[in-house]
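Enquirer: Sharing a structure, written as structure tokens. Questions coming.
The values are calculated or read from the model by the stated rules, or taken from the named source; none is laboratory data. Everything numeric in this text was worked out from a predicted model, so none of it was measured. Cβ placement follows ideal geometry from the backbone for every residue including glycine, while neighbour counts extend to all protein chains displayed.
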């Protein structure tokens, strides 16, 4: 286990995405369950991958949100992230970090 | 391998159901896992297990209580066929990147003929095998064992030879040591009964079977004997069929359509039996209509509480795809064979439609029959099918089928799963 990370959980999120005329889907915004909105600055990579950490498979987007890179999975028709549950904090503060 | 040899892969997803469950439920990884039916509905057997459960002695098909006795820490999870079908579909999409000839053998196995695309990989079959294996692992999180050979039977043997997550090449150079030294029951289509017959004449290995004279095999096992000898000699020339998703995920000519169910409680009276027969007939008839087919034969399979079973079948006067006609014929067959007065307890029933003809085939009208009324009924059922397609199979139900509370919630058609088809198909 990575230091500071107690576990990862599968967190389904609302995503605003653009589907272009070729059918290519690009995520633009991730809406976190508490109302925070993260703008996707850049999609760095897209591959079909399974998430061994939290279970599930689909299109895995490596996205940059500010300075942070994280994976965003498109498990059609839903999107999920591998949410970090911090080890030390007693109150769970979800973070969208890879 | 000879230059003109085909290159056929047989890809087998290891411990498929259990592996899919472990992927989607990280919390059960590293523990012995079995996928088991619903015990309260009396479907409580092991459908699949992972390697840890296998090492603890758990066997597919045994009762869950037996499995738990062998392995008290066993985690039993209910099956999720939708998910397994989706995984299977995605795996096939990967195989399609290598060849259009993909022939599924159940949800977890498939033959892929890569002869036509091997030149793209420098004629290196091992490279294709590794790439397919790695892609399934990365994209679906599942391991596969791959067998590669010049015929389907040896390719299948190869995928069973070493597992999990392994690649076996059965070539013309090594098949005598790899295949021929193996016990005869490891050959496709040699089950316990055939093995006993072969054992009686001293045939213990696949090599001995291959070297037995064709006439001896024929006298011993009939036509199948010769086929098995061809299999053992690596002379099977059957093609890998191109998969046709439109053909109801089967890819072969459909010879019969049936559904069966172990009831949540024993069936003792006519009302109980009728409720289940109508539930099953509803699914069978709906599937017939989806495939634009009609049945000329209805068959039933009955299993009593003592687990002994029998089948009965009857020809229909007119080919039909109407639920009520199939259900009446099926119920009639059971009523003739069973007292239905509470003296015999029935555990499970199956209804099967056979003797299939296309729905646009000409129909011989009956002078005394009411063809117009039957046409009306077909239109009615077509309308109900359309409603079910939009709002789910349970949106319109027959009163008979919901007379039994324990079974009223069942959706037989949606839960229907197509199991492996035989190799001997046209």
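Enquirer: Scan B:193, B:138, B:182 and give me the residue that is free of Cβ contacts under 8 Å to residues at least 40 places away in the same chain and within 14 Å of chain A (Cβ to nearest Cβ).
Expert: Criteria check complete, one pass: B:138.
Enquirer: Next question. Of all residues in region B:4-51, count the ones that are at positive phi and within 14 Å of chain A (Cβ to nearest Cβ).
Expert: The number of residues fulfilling the criteria is 1.
Enquirer: For the list (1) part of a strand (DSSP E or B); (2) on the phi > 0 side of the Ramachandran plot, I need the number of the one condition that residue B:307 fails.
Expert: The single condition residue B:307 does not satisfy is (1).
Enquirer: Ok, one more. Output yes when any residue across region B:7-21 is out of contact with any helix residue (DSSP H, G or I) (no Cβ under 6 Å at 6 or more places or on another chain) and surrounded by fewer than 18 Cβ atoms within 10 Å (Cβ to Cβ), and no when none is.
Expert: No, region B:7-21 contains no residue that is out of contact with any helix residue (DSSP H, G or I) (no Cβ under 6 Å at 6 or more places or on another chain) and surrounded by fewer than 18 Cβ atoms within 10 Å (Cβ to Cβ).
Enquirer: Okay, moving on. Residue B:123 versus (1) at pLDDT 90 or above; (2) farther than 30 Å from residue B:411 by Cβ; (3) more than 14 Å from chain A (Cβ to nearest Cβ): which is the lone unmet condition?
Expert: Exception for residue B:123: condition (1).
Enquirer: Identify, from the list B:113, B:97, the residue that is at negative phi and within 14 Å of chain A (Cβ to nearest Cβ).
Expert: B:97
Enquirer: Which number in (1) surrounded by fewer than 17 Cβ atoms within 10 Å (Cβ to Cβ); (2) part of a strand (DSSP E or B) marks the one condition that residue B:46 misses?
Expert: Result: residue B:46 passes all but (1).
Enquirer: Now for a separate question. Among the residues of region B:347-362, is there at least one that is within 28 Å of the chain's Cα centre (by Cα), part of a loop (DSSP other than H, G, I, E, B), surrounded by 15 or more Cβ atoms within 10 Å (Cβ to Cβ) and assigned by TED's automatic domain parsing to the domain that holds residue B:265?
Expert: There is at least one residue in region B:347-362 that is within 28 Å of the chain's Cα centre (by Cα), part of a loop (DSSP other than H, G, I, E, B), surrounded by 15 or more Cβ atoms within 10 Å (Cβ to Cβ) and assigned by TED's automatic domain parsing to the domain that holds residue B:265.
Enquirer: Restricting to region A:68-81, count the residues that are touching a strand residue (DSSP E or B) at 6+ places or on another chain (Cβ under 7 Å), surrounded by fewer than 17 Cβ atoms within 10 Å (Cβ to Cβ) and away from every other protein chain (no Cβ under 14 Å).
Expert: 1
Enquirer: Also, quick follow-up: Select, from B:230, B:240, B:250, the only residue that is modelled with pLDDT under 90, surrounded by 15 or more Cβ atoms within 10 Å (Cβ to Cβ) and under 29 Å from residue B:193 (Cα atoms).
Expert: B:250
Enquirer: For region A:18-67: of the residues being surrounded by fewer than 19 Cβ atoms within 10 Å (Cβ to Cβ) and touching a residue at least 60 places away in the same chain (Cβ under 8 Å), which is farthest from the other protein chains (Cβ to nearest Cβ)?
Expert: Per the criteria, the residue is A:34.
Enquirer: Counting just the residues of region B:142-167 that are part of a loop (DSSP other than H, G, I, E, B) and more than 24 Å from the chain's Cα centre (by Cα), which one comes out nearest to residue A:73 (Cα to Cα)?
Expert: We begin by selecting, within region B:142-167, every residue part of a loop (DSSP other than H, G, I, E, B); these are B:142-143, B:150-151, B:162-166.
Checking which are more than 24 Å from the chain's Cα centre (by Cα) leaves us with B:150, B:166.
Working: B:150: 39, B:166: 29 Å.
Checked region B:142-167; the qualifying residue nearest to residue A:73 (Cα to Cα) is B:166.
Enquirer: Does residue B:40 count as assigned to a loop (DSSP other than H, G, I, E, B) and not assigned by TED's automatic domain parsing to the domain that holds residue B:276?
Expert: Yes, satisfied.
Enquirer: A follow-up question, please. Go through (1) within 14 Å of chain B (Cβ to nearest Cβ); (2) under 13 Å from the mean Cα position of the chain (by Cα); (3) surrounded by 15 or more Cβ atoms within 10 Å (Cβ to Cβ) for residue A:12 and report which single condition fails.
Expert: (3)
So that you can scan it fast, the table gives a plain yes or no per residue for (1) touching a residue at least 40 places away in the same chain (Cβ under 8 Å); (2) outside any strand (DSSP E or B); (3) over 21 Å from the mean Cα position of the chain (by Cα); (4) on the phi < 0 side of the Ramachandran plot:
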residue: B:259; (1), (2), (3), (4): yes, no, no, yes
residue: B:262; (1), (2), (3), (4): yes, no, no, yes
residue: B:267; (1), (2), (3), (4): yes, no, yes, yes
residue: B:275; (1), (2), (3), (4): yes, yes, yes, yes
residue: B:288; (1), (2), (3), (4): yes, yes, no, yes
residue: B:299; (1), (2), (3), (4): yes, no, no, yes
residue: B:315; (1), (2), (3), (4): yes, no, yes, yes
residue: B:324; (1), (2), (3), (4): yes, yes, yes, yes
residue: B:328; (1), (2), (3), (4): no, yes, yes, yes
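Residue by residue, here is whether (1) outside the structural domain of residue B:13 (by TED's automatic domain parsing); (2) surrounded by fewer than 17 Cβ atoms within 10 Å (Cβ to Cβ); (3) within 20 Å of residue B:167 (Cβ to Cβ) holds:
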residue: B:71; (1), (2), (3): no, no, no
residue: B:78; (1), (2), (3): no, yes, no
residue: B:111; (1), (2), (3): no, no, yes
residue: B:114; (1), (2), (3): no, no, yes
residue: B:134; (1), (2), (3): no, yes, yes
residue: B:144; (1), (2), (3): no, no, yes
residue: B:147; (1), (2), (3): no, no, yes
